[in-house]
Amino acid sequence: IGKPQTAPIEVGSIAAQNRFKFIFQMFVRAISTPSHPIILFLDDLQWADELSLQLICALEAEMETNNFLFIGSYRDNEVHSSHPLRAYLSELKRKEIDITEINVGCISKEDVNS
């Protein structure tokens with residue numbers, strides 16, 4: 001849609017991370033509407049890095065829209081009490097973000113074959 005008028009200003013790594021979170025939030029707000037909501041599903045959150053967890057938390061906690069739904073899955077046997085994911089889940093609960101947890105147990109071979 002054209003070339004940028006000026007080059008982006010070089011910033012440090014923390015400022016770049018904050019810029020990315022802000023731009024991504026603006027992007028989600030811009031494309032999500034009541035008639036076209038955004039649903040983001042991420043699997044294996046037990047392997048997510050710290051910055052990805054920060055972005056997910058920011059999207060959930062700071063979005064000014066009801067047109068965004070995040071669904072995440074993780075293996076609870078791999079997420080111990082000091083795992084970063086637990087800290088972010090606790091932070092979202094502290095901010096009174098609605099979280100629905102569904103525990104899915106082991107699926108037997110018979111269940112898969114039926």
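Cα centroids of the range 15-46 and the range 76-94: how far apart, whole angstrom? With the range 15-46 and the range 76-94 each reduced to a Cα centre, they are spaced 21 Å. Just one of [x] 1.06; [y] 1.14; [z] 1.11 is Rg/Rh (Cα atoms, Kirkwood Rh) calculated from these coordinates, so which is it? Only one listed value fits the structure, namely [x].
Stretching L69 away from E96 to a fully extended chain increases their span by 8.2 nm, per 0.36 nm per residue minus the current alpha-carbon distance. Our coupling estimate for the range 6-13, obtained by passing each phi through the Karplus curve with A = 6.51, B = -1.76, C = 1.60 and θ = phi - 60°, is 9, 6, x, 6, 5, 10, x, 5 Hz, Gly and Pro reported as x. Extending 7 Å from Cα along the Cβ direction at E62 and again at M26 yields two label points whose distance is 1.3 nm.
Taking 0.36 nm per intervening residue step and subtracting the Cα-Cα distance, what contour gain separates W47 from K109 on full extension? Please list the in-between numbers first.
Values: separation 62, 0.36 × 62 = 22.32 nm, distance 2.61 nm.
Length difference between fully extended and current span is 19.7 nm.
For the chain, the solvent-accessible area with a 1.4 angstrom probe is 78 square angstrom per residue. Normalised by the number of residues in the chain, the mean separation of alpha-carbon contacts (under 8 Å, six or more apart) gives a relative contact order of 26 percent. Surface composition of the chain: carbon and sulfur make up 57 percent of the accessible area, probe 1.4 Å.
Remark: spin-label model distance V79-I14 equals 2.7 nm, labels positioned 7 Å along the Cα→Cβ axis.
The values are calculated or read from the model by the stated rules, or taken from the named source; none is laboratory data. Note that the structure is a prediction, hence the values are computed from the model and not measured. Here the Cβ is made from the backbone with ideal geometry for all residues, glycine too, and neighbour counts use every protein chain on show. Just the protein is used for accessible areas: all its heavy atoms, side chains included, with ligands, DNA and RNA removed. Shrake-Rupley method; radii C 1.70, N 1.55, O 1.52, S 1.80 Å.
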